[in-house]
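The values are calculated or read from the model by the stated rules, or taken from the named source; none is laboratory data. It should be emphasised that the depicted structure is a prediction, and the values quoted were computed from it without experimental measurement. Reconstructed Cβ throughout: ideal geometry from the backbone, glycine too, with neighbour counts over all protein chains shown.
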Amino acid sequence: MIPRFILIGGFLGAGKSTTVARLAKHFTSQGLKVGIVTNDQTTDLVDTHSLRSQGFDVGEVAGACFCCSFNELTQTVDELTKAQLPDVIIAEPVGSCTDLVATVIRPLQSVYEMPLDIAPYGVILKPSHGLRILSGEQSGGFSPKAEYIFRKQIEEADFVIINRIDELAEDKVSRLADLIQQQYPGRRVIRMSAKTGQGFDAYVEFLKQQGQFGSRVMEVDYDIYAEGEAELGWLNCQFHFATNSAIALDALLTNLVSSLQSRLTTERAEIAHLKAIGMADGNYAVANSVSSFTDCELSLASRADVTRADVVVNARVAIDPSRLELIVREQIGATCKQFGGSATIDTLQSFRPGRPIPTHRIPVS
């Protein structure tokens, strides 16, 4: 059997990881073997830890996006197939990337030696950013260069998924769907909540389609693309929390993310993605914020009381990385002190992504 390869695109905070998990559970429940490949500009990715905690076979491509680490992507897929060939391979690229049809899908079809059954390429949309950007509102969102990436992601998609519909009034969901179809004719729009499962069946049915996908002609200005990515401060941090009296792991995570969100809001720093996972004695908790305009959410509850925990924080914010690092360090210290404990930072990387240089680029002819 040739593995079905599903690439799930979308901007930072769109809900790709939640979608990946729900999709993997769906296929696993059907008796299919699933392999997952996550992707980040550096190590210590919350999504990898979270998906592994749910029992999935996960490989990680770290250090650059799939397009710039194509050989690492294929090597990771090879590793996933060593023990047993997966029926389905789900790949989640970095959320600030675009041009994935020309740099990932088409090279997989023509360069990679393993045959793959490529599913339609879907891009997940975060409504809070989608509405502001596509309607031309200037009261929030990212700069025109980051907006360029967001729009290019939609342009190359076979179909678009409006996610988080449970968080948005129906009239706003309909307005966003209309804006997509007006500005990007021919894109099928699916309305879904990866969290609740609403609309998920329609998404799965669309993925079953057979045919030639990833064929949209798209020109990309890599200067604007690179500058758009570089506007985001990127931070991954891993620290160890310790206290003498047991505390609620879920509360520690939500307080940390909420305090970071509040502090970044006072700095007028737009949040693209803010996520933390806490791990202690086989217990896992995940808290996240997907924008400056939405509340912190506990997306995975542990319901555990702990005295020690390993915590990973991922932040993608429109702010200078050195300033982001200072804020994260301060809020980690303050939150741990609030819970009567202390933090020891094991690793921390803060930077701006470098210019994307694809391993292959095969434009649609």
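Is it true that some residue in the stretch 238-249 is within 21 Å of the chain's Cα centre (by Cα) and either hydroxyl-bearing (Ser, Thr, Tyr) or at pLDDT below 95 (or both)?
No, because not a single residue in the stretch 238-249 is within 21 Å of the chain's Cα centre (by Cα) and either hydroxyl-bearing (Ser, Thr, Tyr) or at pLDDT below 95 (or both).
Report yes if some residue within the stretch 160-175 is within 23 Å of ARG106 (Cα to Cα), crowded, with 17+ Cβ neighbours inside 10 Å and either of a type in the set (Gly, Ala, Ser) or touching a residue at least 12 places away in the same chain (Cβ under 8 Å) (or both); otherwise report no.
Scanning the stretch 160-175 turns up at least one residue that is within 23 Å of ARG106 (Cα to Cα), crowded, with 17+ Cβ neighbours inside 10 Å and either of a type in the set (Gly, Ala, Ser) or touching a residue at least 12 places away in the same chain (Cβ under 8 Å) (or both).
So, of the residues in the stretch 196-226 that are within 29 Å of THR42 (Cβ to Cβ) and modelled with pLDDT under 95, which turns out to be farthest from the chain's Cα centre (by Cα)?
MET218
Can you say whether ILE327 is closer than 24 Å to SER128 by Cβ, over 14 Å from the mean Cα position of the chain (by Cα), outside the structural domain of LYS195 (by TED's automatic domain parsing) and of a type in the set (Val, Ile, Thr), as far as the supplied structure shows?
It is true that ILE327 is closer than 24 Å to SER128 by Cβ, over 14 Å from the mean Cα position of the chain (by Cα), outside the structural domain of LYS195 (by TED's automatic domain parsing) and of a type in the set (Val, Ile, Thr).
Those residues that are surrounded by fewer than 19 Cβ atoms within 10 Å (Cβ to Cβ) and over 19 Å from the mean Cα position of the chain (by Cα), I need them from the stretch 280-300; list them, please.
Within the stretch 280-300, ASP281, GLY282, ASN283 meet the criteria.
Just for helices (runs of 4 or more DSSP H) wholly inside the stretch 1-86: which have at least 3 residues that are under 26 Å from ASP281 (Cα atoms)?
In the stretch 1-86, 16-29, 46-53 are the helices (runs of 4 or more DSSP H) which contain 3 or more residues that are under 26 Å from ASP281 (Cα atoms).
Which one is surrounded by the most Cβ atoms within 10 Å (Cβ to Cβ), of the residues in the stretch 108-159 that are in a strand (DSSP E or B) and not small (Gly, Ala, Ser)?
Applying the filter and picking the extreme gives LEU125.
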